[in-house]
Amino acid sequence: MINTILCALGLAYAGMASLSLAMDRHHGQIWGRDAAPNVRRALQLTGTILLALAIWPCVAGWSATVGVVAWLGFLSAGALLVALLLPYAPRLLFRSSLLAAVAALAGLVMFLR
C-alpha cells in the first residue's frame, strides 16, 4: 500500500513540477532565461505523461473507482507541493522533482512484477 502511495505521489509531483517549469516565469526562476519552444513542448509532454502514469498505481492498488478518486487527490497534493516549494526554493524543486521522477518510475517498474 505504501508503495502505491509513494509511486503515485512521486509521479504527480514530478509531473506538476514539469508542467510548472514549462512556463516562462518559472523556467526563468531556475535558468535565468525563458524556455525555448522545443524545451517548453518537451516539458509539457513529460509532465502530461507523468501525470497520466500516476493513475496506474492508484488503479492497481485500489479498485478503478477508488483509484481515480485517489489519483485526483495525488494530483492535488503534487500541485500543492510544487506551489509551496517553487517561490522559496526553485532549484530544490527542480532537483527534487528529478529524484521523485526517477524513484517513482523505478517503483512503477517494480509494480509491474
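Of ALA70, ALA54, ALA17, which has the largest mean-square fluctuation in a 10 Å C-alpha GNM of the chain?
Fluctuation is largest for ALA70.
Can you give the Rg/Rh ratio of the chain, where Rg is from the C-alpha atoms and Rh is the Kirkwood radius?
Here the Rg-to-Rh quotient is 1.00.
Roll a 1.4 angstrom probe over the protein heavy atoms and tell me the percent of accessible area of the range 54-109 that is carbon or sulfur. Spell out each step's value before the answer.
On the way: 2530 of 3160 Å².
It is 80 percent, rounded to a whole number.
For the range 6-113, what is the accessible area per residue in Å² when the probe is 1.4 Å? If you can, show how the numbers build up before the last one.
Values: 6060 Å² over 108 residues.
Each residue of the range 6-113 exposes 56 Å² on average to a 1.4 Å probe.
Taking the range 19-58 on its own, what percent of its Cα-Cα pair distances exceed 16 Å?
On the way: 303 of 780 pairs.
Cα-Cα pairs in the range 19-58 separated by more than 16 Å: 39 percent.
Rounded to the nearest 500, what is the chain's calculated 222 nm mean residue ellipticity when only DSSP H runs of at least 4 contribute -39500 (n - 2.57) each, over all residues?
Working: 6 runs with 97 residues, N = 113.
Using -39500 (n - 2.57) per qualifying helix, the result is -28500 deg cm²/dmol.
Can you compute the charge dipole magnitude of the chain about its Cα centre, using +1 on each Lys and Arg Cβ and -1 on each Asp and Glu Cβ, nothing else charged? Give it in debye, rounded to the nearest 20. Before the final figure, lay out the partial values.
On the way: 7 positive and 2 negative charges, 41 e Å.
Once rounded to the nearest 20, the dipole reads 200 debye.
Quick one: Karplus J couplings for the range 65-71, per residue in order, coefficients 6.51, -1.76, 1.60, θ = phi - 60°, nearest Hz, x for Gly and Pro?
Once θ is set to phi - 60°, the couplings for the range 65-71 become 5, 6, x, 5, 5, 5, 4 Hz.
The values are calculated or read from the model by the stated rules, or taken from the named source; none is laboratory data. Note that the coordinates shown come from a computational prediction; the quantities given were computed from them, not determined experimentally. Heads up, the Cβs are rebuilt from the backbone with ideal geometry, glycines too, and the neighbour counts pull from every protein chain shown. Each accessible area value is taken on the protein alone, full model and side chains, heavy atoms only, with ligands, DNA and RNA left out. Shrake-Rupley method; radii C 1.70, N 1.55, O 1.52, S 1.80 Å.
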